[in-house]
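Colleague: Would you mind keeping the following structure in view while I ask a few things?
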Amino acid sequence: MIRHQDTTPERVAVSVEDAAAMVGIGRTTLYAAMGSGSLPSLKIGKRRLIRVDALKAWIASHEIERDVA
């Protein structure tokens, strides 16, 4: 049996809908973040895309450190 490796390249950027699904929040929240400038995005043609690394950095910026007392 011959096994084929998955040659699907890792996505560099995703649509707003895909980004919302990846993070588990609504599109409105992502559009608000893009509008405020806290989440960078790019427009190619008519499509609005979010770089996956920018999305990860934006999520990381929302982490809350808790003091363990």
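Readers should treat all values here as calculations from the given coordinates under stated rules, not as data from a laboratory. This one's a predicted model, so the numbers in the text were calculated from it and none came from an experiment. As a convention, Cβ positions derive from the backbone with ideal geometry for all residues, glycine included, and neighbour counts pool all protein chains shown.
Colleague: Any idea what the dipole of segment 13-60 comes to, in debye rounded to 20, about its Cα centre with Lys/Arg Cβ at +1 and Asp/Glu Cβ at -1?
Modeller: Its charge dipole is roughly 200 debye.
Colleague: With θ taken as phi - 60° and the coefficients 6.51, -1.76 and 1.60, list the Karplus ³J(HN,Hα) couplings across segment 14-21 in order, rounded to whole Hz; mark glycine and proline as x.
Modeller: 9, 6, 4, 4, 5, 4, 4, 5
Colleague: Quick check: residue separation of residue 17 and residue 57 times 0.36 nm, minus the Cα distance between them. What number comes out in nm?
Modeller: 12.6 nm
Colleague: Could I ask something else about it? Any idea what log10 I(q)/I(0) is at q = 0.15 Å⁻¹ for segment 13-60, Debye with uniform C-alpha scatterers and no solvent?
Modeller: Values, matching the q order: -0.30.
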